[in-house]
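The values are calculated or read from the model by the stated rules, or taken from the named source; none is laboratory data. All of these numbers come straight from a predicted model, not from anything done at the bench. Keep in mind that these areas ignore ligands, DNA and RNA; they rest on the heavy atoms of the full protein, side chains included. Shrake-Rupley method; radii C 1.70, N 1.55, O 1.52, S 1.80 Å.
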Amino acid sequence: MRITVELCVVAVVIIWFTQWFRRWRNPKCNGVVPPGSMGFPLIGETLSLIIPSYSLDHHRFIKTRLQRYGPIFKTNIMGRPVVFSADSEFNDYIIQQEGRLVEMWYLDVLAKLFFNEGESPTNAVGAVHKYIRSTVLSNIGAESIKERLLPQIQELINKNLRAWSTQSSVEIKQALGKMGINFSAKIMTGYDAEKSNTNLYVVYRRISDSLRSLPLNIPGTTYNKCLKDRKEMISMFKDMLKERRLSPNTNKEDFLGKMSNDMDSEKFLTEEFIAHLIFGLLFATFESIPSLLTLVLKFLSENPSAVEELKAEHEAIIRSRENMNSSLTWDEYKSMTFTLQVINETLRMANVLPGLLRRTVKDVSIKGFTIPAGWTVVLVTPAKGLNPNTFPNPLEFNPWRWKELDSYVVSKNFTPFGGGMRQCAGAEFTRAFAATFLHVLVTKYRWTITKEGRISRNPILGFGKGIHIKFSEKEN
């Protein structure tokens, strides 16, 4: 009798597990879901996604599934159903539907690090999003760059390249990361790296590293340390905000000052909201500019003809000045045709992330497929830039290709800063920073790569043990 009962229990468990596994592999949908595999129960296909792929091409996980299933496929990452899309028509439609059928979304690890439970400043819509965007643009947009930031950027780069030239070599992404995060925090909040007890680079480096690991909140893990760092950072930004509230005329034109002064008129501007927003915006600057310039230096080191053309362009700019020692101007920046082609070519190839993330709030039906509500959608935006029909030999660094590209083709196939209502407000700042760096570099310095780590994606862009560069100041 006992054996019979045990066999019945085992049979029930097997039947239940079989049904549950079938539902896992074939999720319920009021239509046809895209082709693909949901992987193993609970973890899905996560392990395949985080295994490094050593190329600037799509991560192997994405590339093999695009070849197997087509431009739209389903999978499961960390227990979440996900649809990846490299289809331009599908992606454009999803971007247009933000605020209606889809919403901006982040990996769980990011959501827990940057936002309070149930709220996300950078997922704001309507008037709130409009306010945030306009405030960011007033701080680092084209007018601010033109009127006040360009000389500051040039001074910063001069100072750092001079210091780097006295060292045997520098790990360039790390050096650029320190320079960039401290400068961004300074112009946004008045942060002073030399006086502060908080090392922003260490904090954001740890956060960046945590995105390449499992989000296990266990004492001693990188993720656990990140959550502690987050708490301290939010507290620091709140303290800075309180100081501004007590002294409203201090740096009232920067990002923190503007939001501090607007707290009485804009009710959504709470201490928590502002602190989390600043924390998230600084992270956005932490990876983008250092990764871009690291790849620019790598590509240029492999292409001496591109270096020579850059030198000619920037030396011509200096010769045309009345005072050859004067600071870079906005008109000079805008005249850097080949420099901006080098930057565009690197941006085309240097996608830090595999795509943009959205989450469906309603069932979405398009191109014969239905994406159920609550699913994550990854818009594989790098697919446009890696399309050989638009960019022949897409993994080849060729800045001269931009001389021949039609402006309409570029507008449809080159979106390194996103699109729609979420297009990055820091796009011009990134380009201006990179162009100024190259201006100072090619006119005053020589450089040599002394040690080169292996570029990888897992799926976030990484540089292995780093790219180490020796800088030498030119003789006058």
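Annotations
- Greater than 18 Å apart at Cα, pairs in Lys242/Lys267; Lys159/Lys474; Lys63/Lys298: Lys63/Lys298
- Across segment 145-294, Cα pairs under 8 Å and at least six residues apart give a relative contact order of 29 percent.
- Relative to the longest principal axis of the Cα atoms of the chain, the long axis of helix 337-349 lies at roughly 20 degrees.
- Of the solvent-accessible surface of the chain, computed with a 1.4 Å probe and all protein chains present, 54% belongs to carbon and sulfur.
- Taking 10 °C and 1.306 mPa s as conditions, the chain diffuses translationally at an estimated 65 µm²/s according to Stokes-Einstein applied to its Kirkwood radius (Cα pairs).
- Gyration tensor verdict on segment 265-409 (Cα atoms; rounded if a/c is under 1.5, prolate if a/b is larger than b/c, oblate otherwise): oblate
- Helix axis angle, 222-246 relative to the chain longest principal axis, alpha carbon, degrees: 50
- Convex hull volume of the C-alpha atoms in segment 327-472, normalised per residue: 158 Å³.
- Exposure check, 1.4 Å probe, all protein chains in place: Glu45 carries approximately 20 Å² of accessible surface.
- Heavy-atom surface of the chain, accessible at 1.4 Å and reported per residue (Å²): 49
- Extension gain (nm, one decimal) between Asn224 and Thr337, 0.36 nm per residue minus Cα-Cα: 36.1 nm
- Exposure ranking of His129, His276 by accessible area [1.4 Å probe, largest first]: His129, His276
- Asp239 contributes an accessible area of around 70 Å² to the protein surface, as traced by a 1.4 Å probe with all chains present.
- Taking Arg358, Arg431 and ordering them by how much accessible surface each has at a 1.4 Å probe, largest first, produces Arg431, Arg358.
- Over segment 346-398 - Rg/Rh using Cα atoms and the Kirkwood inverse-distance radius: 1.13
- Sorting Arg359, Arg348, Arg100 by solvent-accessible area of protein heavy atoms yields Arg100, Arg359, Arg348, largest first, with a 1.4 Å probe.
- For a straight C-alpha distance cut-off of 17 angstrom, the aspartates and glutamates reachable from Lys367 (same-chain residues fewer than eight places away being disregarded) are Asp87, Glu89, Asp92.
- Gain on full extension, evaluated as 0.36 nm per residue between Ala142 and Ser301 minus their Cα-Cα distance, stands at 54.2 nm.
- Alpha carbon centroid spacing (whole Å) that separates segment 224-280 from segment 373-410: 38
- Based on Cα contacts under 8 Å between residues 6+ apart, the chain shows a relative contact order of 25 percent.
- Relative contact order (%) - segment 34-84, alpha-carbon pairs under 8 angstrom, separation at least six: 50
- Ser407 contributes an accessible area of around 90 Å² to the protein surface, as traced by a 1.4 Å probe with all chains present.
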